[in-house]
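The values are calculated or read from the model by the stated rules, or taken from the named source; none is laboratory data. As the structure is a prediction and not an experimental result, all values here were calculated from the model. Virtual Cβ from ideal backbone geometry, glycine too; neighbours counted across all protein chains shown. Just the protein is used for accessible areas: all its heavy atoms, side chains included, with ligands, DNA and RNA removed. Shrake-Rupley method; radii C 1.70, N 1.55, O 1.52, S 1.80 Å.
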Amino acid sequence: MQLRNPNGLSYAVVVLLALNIVFDLVLAASEIRALSGPDEALWATTFVGINLNLAYSVAFTLYVATGIVFIVWFHRLRKNAEVWAGDLQSRKPGWAIGGWFIPIANLWIPRGVAVDIWRASRWQPHAADGRGELVLLNGWWTVWVADMVVDRIASQLYKRAETADALTTAATWSLAGYLLDAAAAVLAILFVRRLTSMQQAKATGMIPAAVTKTHPSAQ
């Protein structure tokens, strides 16, 4: 099994996550506008010159594309982790993909895979976790799960809303969901860059050692 460079994929993930943040903020602003007035027509027209129906469609497409590229990046890092510390990986590489698609279980399986990858990617894989070492990973995961829950609640509230008060409640939850999604995307960018740089540094550090071991004359 060979190491594969994850840098290109990480750049793509970061760009897509940044675009998600932009659309999250635009759609959050639309919810704030909706909350400021009872006119239901505001919900399906425009905001700052942007057609909201188009914005929702683009945001959904962007979300799907981001998920696909992120999972491809995630799987590549999991394969690299197998090279460095296969014994620390509690799940097979396929779980880096499949774990995201199992209802309910996807709230914890990918995090477990991420922790295994993180430990394998540091300089001393078998050492105990340092104090606060997993704060970024856990922070990203916590906010992402909270976003998933809030989005589900907002969606159900919108489906059942039949009064102005009910629409206001749904809009409030939806606004919270967009803000959480933006926060999760920011943390995801930091997580992607940090874990990618860890693997890049470790892979680069292995090159001289491998050359020296294979060619003693290089010393």
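Each residue of the stretch 155-164 is assigned a 3J(HN,Hα), and the resulting list reads 4, 5, 5, 5, 5, 9, 5, 10, 10, 4 Hz, derived from the Karplus form 6.51 cos²θ - 1.76 cosθ + 1.60 (θ = phi - 60°), x at Gly and Pro. Solvent exposure of the chain amounts to 55 Å² per residue of accessible area, where only protein heavy atoms count and the probe is 1.4 Å. PRE reach from Ala146 (point 7 Å along Cα→Cβ): which of the stretch 153-185 fall under 14 Å by backbone N? Answer for this model: 176-185.
Relative to the longest principal axis of the Cα atoms of the chain, the long axis of helix 52-85 makes an angle of roughly 20 degrees. Coupling constants for the stretch 168-175 follow from the phi torsions by the Karplus curve (6.51 cos²θ - 1.76 cosθ + 1.60, θ = phi - 60°), and in residue order they are 5, 4, 4, 5, 5, 5, 5, 4 Hz; glycine and proline get x. Each stretch of four or more DSSP H residues adds -39500 (n - 2.57); spread over every residue of the chain, this sum gives -25500 deg cm²/dmol at 222 nm.
Stretching the chain fully between Ser197 and Lys92 yields a gain of 35.5 nm (0.36 nm per residue, less the alpha carbon separation). Taking the average, over residues, of other Cβ atoms within 10 Å as the packing measure, peptides 173-183, 189-199, 80-90 rank 173-183, 189-199, 80-90 from highest down.
Length gained on full extension, Val135 to Arg4: 44.5 nm, using 0.36 nm per residue less the C-alpha separation. Could you work out what % of the accessible surface of the chain is carbon and sulfur, using a 1.4 angstrom probe and leaving DNA, RNA and ligands out of the count? Here it works out to 65 percent. Between Ala29 and Val64, the simple spin-label model (points 7 angstrom out along Cα→Cβ) gives 2.6 nm.
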